[in-house]
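Participant: The structure that follows is given in the form of structure tokens.
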Amino acid sequence: MLVIALAAFSQENSTASPSAPPSAAQPPATLSKKDLMARDKIFYVCSDTFYVKKEELEKGLLNREEFEKWGLMVTQNQNDADAILSVKRAPFQNNFPYTITDRQSGILLMGGEVNSLFGTVPGKIAADLVNKLRPIYEPKPNPAAKPASP
């Protein structure tokens, strides 16, 4: 099983500032899945399948330019992580389902599946993960909301 843990890389103050985003002070249970994913920044990777090595998936994630652009990181210490990505190999198949779980709350945030045909599983998982995170880290402007005229 591959486990990628996402951990928020943020400084926590003992007092909440009025300008702090509401998600910083809220417990994970009150946050939406999207808010939890936006908060989570550091990944922890673990694998229990022979076919996908931990180091290869870490490399696949770190080689994505979006990973650096969005401030995402990989850690070797699971305790430093906020969320966990688990990857398994479906028995007798070439499919590798994965899930991302918030480490602190245990809430399942997202999932997906890649296959090993025509590419490497670590690269496909990294690409699929980036495509699913893009709407969170690069939201499209709302076309219905028009800027105010001066």
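Nothing in this text is a laboratory measurement; each read-out follows from the coordinates by a stated rule. Computed from a predicted model, the values in this text were never measured in an experiment. Note that each Cβ is placed from the backbone with ideal geometry, even for glycine, and that neighbours are counted across all protein chains shown.
Participant: What list do you get for Ser32, Ser105 if you sort them by fewest beta carbons within 10 Å?
Facilitator: Sorted ascending by nearby Cβ count, the order is Ser32, Ser105.
Participant: Counting only residues 5 or more places away or on other chains, whose amide H sits under 5 Å from the amide H of Glu113 once H atoms are built in the peptide plane?
Facilitator: Tyr98
Participant: For Lys88, Lys34, which order do you get if you count the other beta carbons within 10 Å of each Cβ and list the fewest first?
Facilitator: Least crowded to most crowded, the residues run Lys34, Lys88.
Participant: Taking the beta-carbon count within 10 Å as an exposure proxy, list Thr101, Thr30, Thr120 from fewest neighbours to most.
Facilitator: The order, fewest Cβ neighbours first, is Thr30, Thr120, Thr101.
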